[in-house]
Amino acid sequence: LRAVTVGRLWDEGKNVAILRNLHSAIPIAVAGETRSPGDPAPSGMREGTHEDGIEYLGILDRAEINALLQTSTIYVATSRYEPFGLAPVEAALAGCAIVANDIPSLREVWGDAAVYYTRDDQRSLRAALAGLAADPASLRHFAGKAKLRATQRFLMPRMTSEYLDLYRSLKRTPAVAHA
């Protein structure tokens, strides 16, 4: 049992700092850049360090990220704002349950296929992770729902088809003259 998140650790919008001092019921692997260009890494968030059940992995290549997702059970989507979020989709396709910050865009993307924690609330996040860790059936349920939602909505053939349908409909729509 392991949770994972991927992103720019230094980016306040990614909100990875919420994981610090979380005291999670399960270990958490964090992959991504630990510092912004030209800035030192925040204390404790250096590649290769461990802190309170969190392992900071640093920047991984595509194969390493795929392997990390394949060997994890939960993806933690911590972003404070996110227009879409490709990493959670990749995690869902790899079989991870999604635990997400309760923001409108993540609700739109994941619907009832994710477990949400109260927006930016560390205590609520800890409870969500502990709940899934304590209930293997619920963990499998949410992993299955996330994978189904990702395969039904976000695979390239469907998205390509929908974009082509949209473009065709726009081509058929007469232009409106503006005064």
Quickly run through the range 106-133 and pick out the residues that are over 19 Å from Leu19 (Cβ atoms), open to solvent by 40 Å² or more (accessible area, probe 1.4 Å) and touching a residue at least 12 places away in the same chain (Cβ under 8 Å). Asp112
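Restricting to the range 1-15, and then to whatever is open to solvent by 20 Å² or more (accessible area, probe 1.4 Å) and assigned to a loop (DSSP other than H, G, I, E, B), can you tell me which residue is farthest from Glu64 (Cα to Cα)? Spell out how you get there, then give the answer.
In the first step, residues of the range 1-15 are kept if they are open to solvent by 20 Å² or more (accessible area, probe 1.4 Å); the result is 1-2, 6, 8, 10-12, 14.
Filter once more, keeping what is assigned to a loop (DSSP other than H, G, I, E, B): 1-2, 8, 10-12, 14.
Working: Leu1: 18, Arg2: 16, Arg8: 16, Trp10: 21, Asp11: 22, Glu12: 24, Lys14: 21 Å.
Filtering the range 1-15 for residues that are open to solvent by 20 Å² or more (accessible area, probe 1.4 Å) and assigned to a loop (DSSP other than H, G, I, E, B), the one farthest from Glu64 (Cα to Cα) comes out as Glu12.
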Selection over the range 39-68 where residues are modelled with pLDDT of 70 or more and part of a loop (DSSP other than H, G, I, E, B) yields a count of 5
Checked pairs for the range 7-29, first at pLDDT below 90, second aromatic (Phe, Trp, Tyr) and buried (at least 19 other Cβ atoms within 10 Å of the Cβ), C-beta under 8 Å and 6 or more apart or across chains, list as Leu9/Tyr56
Would a scan of the range 136-157 turn up a residue that is assigned to a loop (DSSP other than H, G, I, E, B), modelled with pLDDT of 85 or more and either out of contact with any Pro (no Cβ under 8 Å at 6 or more places or on another chain) or open to solvent by less than 40 Å² (accessible area, probe 1.4 Å) (or both)? no
Ile98: passes all of (1) modelled with pLDDT of 95 or more; (2) crowded, with 22+ Cβ neighbours inside 10 Å; (3) out of contact with any Pro (no Cβ under 6 Å at 6 or more places or on another chain); (4) not in a helix (DSSP H, G or I) but (3)
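Within the range 101-134, can you find the residues that are aliphatic (A, V, I, L, M) and either assigned to a helix (DSSP H, G or I) or at pLDDT below 95 (or both)? Spell out the reasoning first.
Of all residues in the range 101-134, those aliphatic (A, V, I, L, M) come to 103, 106, 109, 113-115, 125, 127-130, 132-134.
Within the range 101-134, Leu106, Val109, Ala113, Leu125, Ala127, Ala128, Leu129, Ala130, Leu132, Ala133, Ala134 qualify.
The values are calculated or read from the model by the stated rules, or taken from the named source; none is laboratory data. Keep in mind the model is a prediction, meaning the values are calculated, not measured. Don't worry about glycine lacking a Cβ; one is built from the backbone with ideal geometry, like all the others, and counts go over all protein chains shown. Surface areas here come from the heavy atoms of the whole protein model, side chains and all, with no ligands, DNA or RNA. Shrake-Rupley method; radii C 1.70, N 1.55, O 1.52, S 1.80 Å.
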